[in-house]
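Read through the structure below, which is laid out as structure tokens, and then see the notes.
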Amino acid sequence: MGTYNLLWSIAKRNVTTVLLGITISDRCVNIISVTGESMHPTFTAADRVLQGDFVLAERRCLEKYEFSHGDVILFKCPSNHKELFVKRLIALPGEWVQLPGSPKVTKIPEGHCWVEGDNAARSLDSRSFGPIPLGLVQGRVTHIIWPPSKIGQVERKMPEGRISQI
Amino acid sequence: MARALAFAWPYAKFCIVGGLFGRTFADWCASVASVDGESMSPTLDGHQAERMLVEKRCLYTYDFTRGDVVVLLSPRNHREVLVKRLIALPGDWIQVPENQEIRQIPQGHCWVEGDNAANSSDSRSYGPVSYHLSALLACSHEFHTLVRAALSICGLYYTSLTFLCLQVPLGLMQGRVTHVVWPPQRIRRVDRNMPEGRIMSQ
């Protein structure tokens, strides 16, 4: 009987911790490992999960969808819903983006945004799959927390002269 | 003061844990949502304040079947939630209704449609512009076709019709509707249902 009580209280505490953990990771903040080279030099190029940078992705922004130009965001890839991509947000709905290397200018439709990787040569981003619906966004990367040499805030940065608002 | 806190604390704990559990359950297992609008009638009718059960377990493996009624974020407005029927999965060939075009659904995308589009040629379901025009001018079938053609040239009809038929990335899916749970006289299962001859699957 005593054992049963002890087990029950341990179980209760574990379940509460798990629930709290799930709620925090869904709604507040999440730790993600970044792999791939498309955001070099902001994030280290890496092939495997343990070699990549670990970053803090905050999910509070989703409630109001408050994004600024130059934010690094986490989103589900439009051509593969099981994969998460990390890229920089370049343009918001209603803005005009000039595709690099061509005089063509595209308007971002409502509810969509334009994302690009910092390492333009090795990045699969909106230049290939077009503007993405804002509903695919899963969070915003705010800080790098590992490795220790790179601990710090992830800066907002915008490439010059790529967008205009009309 | 301390005694009042000590008295209230177990209840507060219970409420907090209950709230966490409820939220986690609603996000990961199933939740109840209300229906608005007419795009899914007669399957789901917004006018009778119906509530539907949305199950989220399909999102673990993105295990959707053609004909499911799904809940998704609108690609045009990330704050809006749509309820539509999933007609085609990636790789399928579908005939787009408004212009007889045959299109292949790209990887990671799917085609969703409201039931009402298939059921009636009454432009009431196609949005405010067409509704008012048809009410004013109706109503032979030939005249409807003429009106639709004229509006699509102006780009107005096409806009409101594509609201009901969309190609969307699968990442926008938020759940699948399995049952209607309110009002009591409308409790029933929501079945899988495919419109005839629209798709050719791989």
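Looking across the range B:74-83, the residues that are within 14 Å of chain A (Cβ to nearest Cβ) and buried (at least 23 other Cβ atoms within 10 Å of the Cβ) come down to B:P75, B:L82. Scan the range B:27-36 and give yes if some residue there is more than 10 Å from chain A (Cβ to nearest Cβ) and of a type in the set (D, E, K, R), otherwise no. Yes. From the set of residues in the range A:68-106 that are in contact with an Asp or Glu (Cβ under 8 Å, 6 or more places away or on another chain) and among the charged types (D, E, K, R), which is farthest from the other protein chains (Cβ to nearest Cβ)? Top of the filtered list is A:R88.
From the list B:V17, B:V70, B:V54, B:V32, exactly one residue is in contact with a Phe, Trp or Tyr (Cβ under 7 Å, 6 or more places away or on another chain) and either at negative phi or exposed (fewer than 15 other Cβ atoms within 10 Å of the Cβ) (or both). Which is it?
On the way: B:V17 fails: in contact with a Phe, Trp or Tyr (Cβ under 7 Å, 6 or more places away or on another chain); B:V54 fails: in contact with a Phe, Trp or Tyr (Cβ under 7 Å, 6 or more places away or on another chain); B:V32 fails: in contact with a Phe, Trp or Tyr (Cβ under 7 Å, 6 or more places away or on another chain).
After applying the criteria, what remains is B:V70.
Within the range A:112-146, being touching a residue at least 60 places away in the same chain (Cβ under 8 Å), within 20 Å of A:P159 (Cβ to Cβ) and surrounded by fewer than 16 Cβ atoms within 10 Å (Cβ to Cβ) holds for A:R122, A:L124.
Taking the conditions (1) more than 14 Å from chain B (Cβ to nearest Cβ); (2) closer than 16 Å to A:V154 by Cβ in turn, A:Q51 satisfies each one other than (2). B:T65 is checked against (1) surrounded by 18 or more Cβ atoms within 10 Å (Cβ to Cβ); (2) in a loop (DSSP other than H, G, I, E, B); (3) β-branched (V, I, T) and fails just one. What number does that condition carry? Among (1) surrounded by 18 or more Cβ atoms within 10 Å (Cβ to Cβ); (2) in a loop (DSSP other than H, G, I, E, B); (3) β-branched (V, I, T), B:T65 violates only (1).
Residue check: is B:A4 away from chain A (no Cβ under 12 Å) and assigned to a helix (DSSP H, G or I)? Before the answer, list the steps.
Details: away from chain A (no Cβ under 12 Å): yes; assigned to a helix (DSSP H, G or I): yes.
In short, yes.
If you go through the range A:136-166 and pick out every residue that is touching a Pro at 6+ places or on another chain (Cβ under 9 Å) and over 14 Å from A:L89 (Cα atoms), you end up with 0. Scanning the range A:61-79 for residues that are outside any loop (DSSP other than H, G, I, E, B) and under 22 Å from A:R127 (Cα atoms) yields a total of 6. Scoring A:P109 on the criteria (1) surrounded by fewer than 19 Cβ atoms within 10 Å (Cβ to Cβ); (2) outside any loop (DSSP other than H, G, I, E, B); (3) over 13 Å from the mean Cα position of the chain (by Cα); (4) within 14 Å of another protein chain (Cβ to nearest Cβ) leaves a single failure, condition (2).
Please find, within the range A:31-82, the residue that is nearest to B:P75 (Cα to Cα) out of those that are among the basic types (K, R) and surrounded by fewer than 17 Cβ atoms within 10 Å (Cβ to Cβ). For the range A:31-82, the residue satisfying everything is A:K64.
Within the range A:16-60, the set of residues being assigned to a helix (DSSP H, G or I) and under 15 Å from the mean Cα position of the chain (by Cα) comprises A:S25, A:D26, A:R27.
Scanning the range A:134-143 turns up at least one residue that is closer than 23 Å to B:Q167 by Cβ and assigned to a strand (DSSP E or B).
Every number here is computed from the coordinates shown, using simple stated rules; none is lab data. Just so it is clear, the model here is predicted, and its values are computed rather than measured. Note that we place each Cβ from the backbone using ideal geometry, even for glycine, and neighbour counts take in every protein chain shown.
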